[in-house]
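A.B. asks: Following this message is one structure expressed as structure tokens.
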Amino acid sequence: MKKEKIELDPECRNHIRGVRDTIYLLDGKWKTIIISHLYFIGKMRFMDLKRQIDGIASKTLSKELKDLEMNNLVKRTQNNTMPVSVDYELTEFGKSLHDIIDTMGKWGIKYRKELLQKG
């Protein structure tokens, strides 16, 4: 017997669509970590950001920053220096993720504490 699909009201459907869009934007292992560093530390050069994030390869960081820039979450500024240097910082839109990053951090701390108490 095939079950019928539950029909959601428009508000629920819209909210779930928003969650899906957010997950799509922040998908992957590194994007929220990059955003967190730029939020808490501020404007950073590529190599400084790479040194801060344990385990990320230069190629991966470059790709993730390009994705974040394309989605208007990160601003890339090429400085007029020799050698050329590039700064990355959150856009206002990127900074609007503060509540999400803050909530994820608090949840992660609580979850880790729970696991350590059980283990």
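Derivation of every value follows stated rules applied to the coordinates shown; laboratory data play no part. The structure displayed is predicted, hence computed values, not measured ones. All Cβ positions, even for glycine, are placed from backbone atoms using ideal geometry, and neighbour counts span all protein chains on display.
A.B. asks: Here is a list of conditions, (1) part of a helix (DSSP H, G or I); (2) of a type in the set (D, E, K, R); (3) in contact (Cβ under 8 Å) with a residue 12 or more places away in the chain, and R76 meets all of them except one; can you say which number that is?
C.D. replies: (1)
A.B. asks: Within the stretch 82-104, is even one residue acidic (D, E) and surrounded by 14 or more Cβ atoms within 10 Å (Cβ to Cβ)? Before the answer, list the steps.
C.D. replies: The first filter runs over the stretch 82-104 and keeps only residues acidic (D, E), leaving 87, 89, 92, 99, 102.
Then keep just the ones that are surrounded by 14 or more Cβ atoms within 10 Å (Cβ to Cβ); that gives 87, 89.
Taking every residue of the stretch 82-104 in turn, at least one turns out to be acidic (D, E) and surrounded by 14 or more Cβ atoms within 10 Å (Cβ to Cβ).
A.B. asks: Now, a different point. Can you confirm whether S58 is in contact with a helix residue (DSSP H, G or I) (Cβ under 7 Å, 6 or more places away or on another chain), of a type outside the set (A, V, I, L, M, F, W, C) and over 21 Å from Y24 (Cα atoms)? Full working, then the answer.
C.D. replies: Values: in contact with a helix residue (DSSP H, G or I) (Cβ under 7 Å, 6 or more places away or on another chain): yes; of a type outside the set (A, V, I, L, M, F, W, C): yes; over 21 Å from Y24 (Cα atoms): yes.
Yes.
A.B. asks: Since Y88 meets every condition but one in (1) assigned to a strand (DSSP E or B); (2) touching a Leu at 6+ places or on another chain (Cβ under 8 Å); (3) without any contact (Cβ under 8 Å) to a residue 40 or more places away in the chain, which condition does it not meet?
C.D. replies: (3)
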